[in-house]
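See below for the structure under consideration.
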Amino acid sequence: MPYDTQNVFGKILRGEIPCTPVYEDEHVLAFLDIAPQAPVHVLVIPKCEAISFDDFVTKPPSDVIAFFTAVRTVAHHLGLQESGYRLVMNHGDDGGQEVAHFHVHILGGKI
Ligand code: 5GP
């Protein structure tokens, strides 16, 4: 299945629909989830075209390392490193993935 450039996170990356950003660097964009499932619910997405975890981890290792390092940076930026947080990645239909652009959910606060 090819990457669908019309997915909602692709549109957010291109600035075609708005988001509430919390962090951005050359590799990632992080923004508030529109339907939060925890007091803190942030989505981190890579700027490259990747459908899901299964696809993303086949990208160059330096890109994968940069992405997950940025996820850590975002968690620290949100002040969650002491209190703790949950990371969620959904892959495919049975995994409950709704948006076909790879993303990590950061869930913090009282989950
Ligand atoms: P998934 O089920 O694919 O792992 O998670 C997709 C997430 O994207 C959901 O938590 C959903 O609330 C969020 N979401 C869907 N559409 C939008 C949107 O347009 N803006 C933002 N900020 N989040 C969205």
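Computed from the coordinates by the stated procedures, all read-outs in this text should not be read as laboratory data. Note that the structure is predicted; figures quoted are calculated from it, not measured. Because the Cβ atoms are built from the backbone with ideal geometry, glycine has one as well, and the counts that use them run over all protein chains shown.
By definition, a body whose alpha carbon gyration tensor gives a ≥ b ≥ c is prolate when a/c is 1.5 or more and a/b is larger than b/c, and segment 1-61 fits this prolate description. Farthest towards the positive end of the charge dipole of the chain, among the residues Ala38, Pro60, Ala100, is the Cα of Ala38, using unit charges on the Cβ of Lys, Arg, Asp and Glu.
Please work out whether the chain counts as rounded, prolate or oblate from its C-alpha gyration tensor, where a ≥ b ≥ c are the square roots of the eigenvalues and a/c under 1.5 means rounded, while otherwise a/b larger than b/c means prolate and anything else oblate? Because its axes are fairly even, with a/c under 1.5, the chain counts as rounded.
Estimated purely from DSSP H runs of n ≥ 4, each contributing -39500 (n - 2.57), the mean residue ellipticity at 222 nm for the chain is -7000 deg cm²/dmol once divided by its residues.
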